[in-house]
Amino acid sequence: MSRVTQTITVVTQVTPLPQFKACQVKTESGDTFFLSDDGKWIIEGILIKVPQLVMKEKDRRKLMERALFKIGKGEPLIVLTNPKCRACTENKDKIRKLARRFTLLFVPVGFEKEEFEAAVDAYCRNKNLKDFFKEERGIKVCDRGKLKVWTVQGILKKYGITATPTFILPDGRVIVGVKELMEEVKTEREPF
């Protein structure tokens, strides 16, 4: 007897869904629900995979035009980053290894005041990979830097992108996070 509905429920199929820490349960009456692995939660309805975010070609081209610097060779991989991005700094060696297969186009972005200023400063100082993540004394501000960061922000806003690091693959797929990117490119070709 179902504890929830107080009716007898005959289960015909249970399919584990480890990625959700739950199982899909189908009943004799045709109902489907999901049960958490610990048996404490029943989720009714259907699971729908969130579609992959894909950036339009014209917007990717605009971002590529605003790249501060690029390294590597191969298809273009846009790297949305910030000098104050902790995950970017901690994973810069992993990101750099991608230059074996892609041309990495580094585009400074900033979603909060300090990040915005750091992105503008990177453009104004014309930083490169060697000095991009180094802290500078004071913030250098120039109109060219502000305009580039504002333009990039406008494009990212259309797609709801608000975090660094974010990567835009050659086919336009948007990947947030270094771990997620490494998993994605590992499945496409050789591991890194």
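Would you mind telling me the share, in percent, of accessible area of the stretch 13-82 contributed by carbon and sulfur at probe 1.4 angstrom?
56
Order of 125-133, 162-170, 83-91 by packing, highest average Cβ count within 10 Å first?
162-170, 83-91, 125-133
In units of 2.2 N^0.38 Å, what is the alpha-carbon radius of gyration of the stretch 98-192?
1.18
Sequence neighbours fewer than 8 away in the same chain don't count; with that in mind, list the lysines whose C-alpha is under 16 Å from Lys130.
Straight-line reach from Lys130, under 16 Å: Lys70, Lys84, Lys92, Lys94, Lys97.
For the stretch 26-135, take every pair of Cα atoms, bin their distances at 5 Å starting from 0, and report each bin as a whole percent.
P(r) for the stretch 26-135, in whole percents per bin: 2, 10, 16, 17, 13, 8, 4, 6, 8, 8, 5, 2, 1, 0.
Hey, in the chain, which Cys have no second cysteine's beta-carbon closer than 4.7 Å?
Cys23
Give me the percent of accessible area attributable to carbon and sulfur for the stretch 118-192, probe 1.4 angstrom. It would help to have the intermediate numbers written out before the result.
Values: 2110 of 4190 Å².
Summing carbon and sulfur atoms, their accessible area is 50 percent of the total for the stretch 118-192.
Under 10 Å, Cα contacts only: if you run a Gaussian network model on the chain, which one of Val14, Val149, Val120 comes out with the highest mean-square fluctuation?
Val14
State in Å² the accessible area per residue of the chain; use a 1.4 Å probe, count heavy atoms of protein chains only, and round to the nearest integer.
64
Please report the base-10 log of the normalised intensity I(q)/I(0) for the chain, using a Debye sum with one equal scatterer per alpha carbon and no solvent, at each q in 0.10, 0.16 (1/Å).
With no solvent term, the Cα-only Debye profile gives -0.54, -0.93.
Based on Cβ point charges of +1 for Lys and Arg and -1 for Asp and Glu, what charge dipole magnitude is obtained for the chain about its Cα centre, in debye rounded to the nearest 20?
About 1020 debye.
The values are calculated or read from the model by the stated rules, or taken from the named source; none is laboratory data. What you see is a predicted model, and the numbers here were worked out from it, not measured in a lab. When we count neighbours, we look across all protein chains shown, and the Cβ atoms used for this are built from the backbone with ideal geometry, even at glycine. Heavy atoms of the whole protein, side chains included, go into the accessibility calculation; ligands, DNA and RNA do not. Shrake-Rupley method; radii C 1.70, N 1.55, O 1.52, S 1.80 Å.
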